[in-house]
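Engineer: First the structure, then my questions, so here it is.
The values are calculated or read from the model by the stated rules, or taken from the named source; none is laboratory data. Since the structure is predicted, the reported quantities are computational estimates derived from the model, not experimental observations. Note that each Cβ is placed from the backbone with ideal geometry, even for glycine, and that neighbours are counted across all protein chains shown. Please note that ligands, DNA and RNA were not included when accessible areas were found on the heavy atoms of the full protein model with its side chains. Shrake-Rupley method; radii C 1.70, N 1.55, O 1.52, S 1.80 Å.
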Amino acid sequence: MYLFIDGRRIETQPEQSLLDLVKQLDLAGNTLSDRPLAAKIAGEVFTLNYIPLRRKDNGTDRPSMRRAMAASNGEVRLLRYVDPAGKECYSRTAQFVIFLAIRQLWPEARAKMNCTLGDSVYISVSGAADFSAGVLRERVARLVAEDIPLIRSRVSLESAIDHFTKDGQLDKARLLSWRKLDYFDEYAYGDFADYYYGEMMPSTGYLTVWNILPADGGFIFVYPDDQNPEICAKVPAMPNFFSVFTEGERWCSLMECETVADLNGLTTSGRIRELIRVNEALHEKRYSQVADLVCQRGAKAVMLAGPSSSGKTTSANRLATQLRVHGKKPVLMSLDDYYIDRDKIAPGPDGKLDLEHINTIDCAQFRQDMADLLAGKEVELPSFNFLTGRREWRGHKLRLYPDSVIIVEGLHGLNPAMLPENVDGSLIFRLYVSPLLPLNLDDHNRIPTSYLRLLRRIVRDYETRGSSVQRTISMWESVRRGETRWIFPYQENADVIFNSSTLYELAVLKKHIFPLLKAVQPEDEWYDEVCGIVKVLNYVQEADVDDEIPPTSLVREFIGGNSFYR
């Protein structure tokens with residue numbers, strides 16, 4: 001049987017792994033940038049320990065080709081750290097080594113994945129009085145040096161639940177009780193077993209670039225720098241972000257909903273309706289508090305920014321409602337209306353228009369308009385026609401009065417390039433909106449904020465724009481690159497970071513999205529990305545409680561029925 005690995009033809013023998021073949025082709029690489037970490041075959045990601053050609057057990061000499069290999073006609077694409085799927089394999093391997101090291105050093109401790117901080121992750125540790133980040137760093141280095149093979153094995157669901165229960169990992173045992181299949185895949189070393197819902201690298205020795213830094217209540221694990229994977233990323237100071245995320249975790253505890261298993265229990269008992277009411281009341285209170293701060297400062301403009309599907313439009317409208325309670329007359333503006341004409345935007349190196357680049361916005365015009373408005377002058381505002389791709393002037397004029405407040409919503413709202421010079425900074429209030437979901441699958445598996453935003457966007461794009469799951473996913477990597485470059489570096493500039501997540505929405509979104517995901521077939525280009533979404537949702541109990549969600553809810557922006565869009 002012949003395979004084509006990164007376009008190079010090679011004959012494989014039964015029981016040879018992809019890693020064996022990669023070494024034969026001299027593709028193993030000497031640096032993290034060059035080294036293959038996993039492989040993509042027919043839309044699915046596989047470990048390099050994957051064996052394309054099995055020897056049959058029935059005594060015949062004819063080997064058996066694996067399903068994915070047959071579907072791909074022998075085509076294999078190697079994944080490196082620059083590939084999102086390769087980076088995820090690196091992250092999962094890091095998790096295994098981290099939690100294995102903690103188990104060996106402090107067997108009674110509880111370690112929990114908390115939140116990402118740029119290209120690093122904060123992990124809390126409790127129940128270990130003598131915990132030391134330095135000691136942990138030494139043990140992780142030893143496990144990496146041992147180059148332990150990471151081989152996945154399949155066990156019965158019953159035995160997995162029994163093992164995790166006896167091992168004290170009750171969070172994982174409770175999660176598995178919701179699993180529909182009768183088996184469970186795991187990685188194990190000694191008496192430690194775990195799983196991270198996706199492929200890993202071939203062995204611990206592949207974890208070559210990392211660091212562990214001390215932090216209050218735990219430590220920070222630092223991943224490679226995205227731009228230069230041969231060095232560790234810089235850990236940004238993010239006190240505001242961390243504070244908001246910590247507050248979200250506190251609310252998880254108060255509402256008895258820290259994990260997906262907790263959410264499932266609330267769903268089946270009917271108490272999810274109470275959870276919805278409390279979540280929505282909490283959001284309303286936060287919008288009211290933001291309005292209080294805007295008025296106390298005497299701000300005349302609110303610059304509202306946030307990543308894709310964070311609920312910026314609903315947030316702008318709900319803040320406007322609260323400002324009216326203060327006797328203000330809010331005016332909504334969008335930075336989208338300051339797009340430069342499409343035919344005046346130079347394409348990128350790939351020949352495509354990067355519509356998330358700040359150079360697509362007429363920053364100078366916006367700064368001038370904002371300065372004039374704050375000075376009390378009348379300004380004619382532009383409108384962008386997305387059908388023609390051109391900016392238009394429709395006679396829409398605006399002048400601010402003593403009780404006026406502008407709310408400007410847009411991707412680049414916190415970028416200093418958007419702020420007019422020589423304007424009193426107290427007149428401008430900066431608000432960052434993002435769904436910082438504090439809900440975990442279990443202690444060792446967090447649900448990334450980007451995961452929730454992708455779910456929201458898939459549902460919204462299908463419901464309102466007729467976009468397929470595949471089309472939305474195909475654009476997501478580009479969206480994420482734009483966020484990393486143009487949004488996240490400025491989030492700490494905000495006067496307030498608003499957590500727009502709700503603890504209940506995974507259960508609500510599942511009803512809307514699951515049939516769309518299950519319709520994607522294995523041969524599809526984006527099948528592995530869909531499988532990654534499904535793996536999490538498989539553990540979530542669907543909740544048919546749309547009638548409980550108010551029409552002004554952030555969740556309504558994505559599932560429909562939002563009163564601000566009528």
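Engineer: Got a sec? Which of Tyr451, Tyr490, Tyr462 is closer than 21 Å to Lys511 by Cβ and open to solvent by 50 Å² or more (accessible area, probe 1.4 Å)?
Structural biologist: Answer to the check: Tyr462.
Engineer: Select from the stretch 324-365 the residues that are closer than 17 Å to Tyr432 by Cα and surrounded by 20 or more Cβ atoms within 10 Å (Cβ to Cβ) and list them in ascending order.
Structural biologist: Scanning the stretch 324-365 gives Met333, Leu335.
Engineer: Would you kindly identify the helices (runs of 4 or more DSSP H) lying entirely within the stretch 9-106 that contain at least 1 residues that are in contact with a strand residue (DSSP E or B) (Cβ under 6 Å, 6 or more places away or on another chain), modelled with pLDDT of 95 or more and open to solvent by less than 30 Å² (accessible area, probe 1.4 Å)?
Structural biologist: 18-24, 84-105
Engineer: Could you identify the single residue in Leu150, Leu105 that is within 29 Å of the chain's Cα centre (by Cα) and not basic (Lys, Arg)?
Structural biologist: Among Leu150, Leu105, only Leu150 is within 29 Å of the chain's Cα centre (by Cα) and not basic (Lys, Arg).
Engineer: In the list Val496, Val530, which residue meets the criterion of being surrounded by 20 or more Cβ atoms within 10 Å (Cβ to Cβ), touching a helix residue (DSSP H, G or I) at 6+ places or on another chain (Cβ under 6 Å) and more than 19 Å from Met255 (Cβ to Cβ)?
Structural biologist: Val530
Engineer: Enumerate the pairs (first residue in the stretch 471-482 and within 11 Å of Trp526 (Cα to Cα); second residue anywhere and among the acidic types (Asp, Glu)) with beta-carbon separation below 6 Å, excluding pairs fewer than 6 apart on the same chain, so at least 6 apart or on different chains.
Structural biologist: Pairs that qualify, where the first residue is within 11 Å of Trp526 (Cα to Cα) and the partner is among the acidic types (Asp, Glu), are Thr472/Asp461; Ile473/Glu529.
Engineer: Taking Glu542 and the conditions (1) within 30 Å of Leu355 (Cβ to Cβ); (2) open to solvent by 30 Å² or more (accessible area, probe 1.4 Å); (3) touching a helix residue (DSSP H, G or I) at 6+ places or on another chain (Cβ under 6 Å), which numbered condition does it fall short on, given that it satisfies the others?
Structural biologist: Every listed condition holds for Glu542 apart from (1).
Engineer: Considering only residues that are of a type in the set (Val, Ile, Thr) and open to solvent by 10 Å² or more (accessible area, probe 1.4 Å), which ones fall in the stretch 191-244?
Structural biologist: Result: Thr208, Val209, Ile220, Ile231, Val235, Val244.
Engineer: If we scan the stretch 271-278, do we find a residue that is among the hydrophobic types (A, V, I, L, M, F, W, C) and without any contact (Cβ under 8 Å) to a residue 40 or more places away in the chain?
Structural biologist: Taking every residue of the stretch 271-278 in turn, at least one turns out to be among the hydrophobic types (A, V, I, L, M, F, W, C) and without any contact (Cβ under 8 Å) to a residue 40 or more places away in the chain.
Engineer: When you scan the stretch 523-566, how many residues do you find that are among the basic types (Lys, Arg), within 30 Å of Tyr287 (Cβ to Cβ) and part of a helix (DSSP H, G or I)?
Structural biologist: Residues in the stretch 523-566 being among the basic types (Lys, Arg), within 30 Å of Tyr287 (Cβ to Cβ) and part of a helix (DSSP H, G or I): 1 in total.
Engineer: Please list, ordered by residue number, the helices (runs of 4 or more DSSP H) wholly in the stretch 270-388 having 1 or more residues that are among the aromatic types (Phe, Trp, Tyr).
Structural biologist: Ranges flagged: 272-297, 363-374.
Engineer: Hey, another quick one. Checking Ile340 against (1) in contact (Cβ under 8 Å) with a residue 40 or more places away in the chain; (2) within 19 Å of Leu554 (Cβ to Cβ), which test does it fail?
Structural biologist: (2)
Engineer: Go through the stretch 423-443 and count every residue that is open to solvent by 20 Å² or more (accessible area, probe 1.4 Å) and either within 18 Å of Thr484 (Cα to Cα) or touching a helix residue (DSSP H, G or I) at 6+ places or on another chain (Cβ under 7 Å) (or both).
Structural biologist: The total comes to 4.
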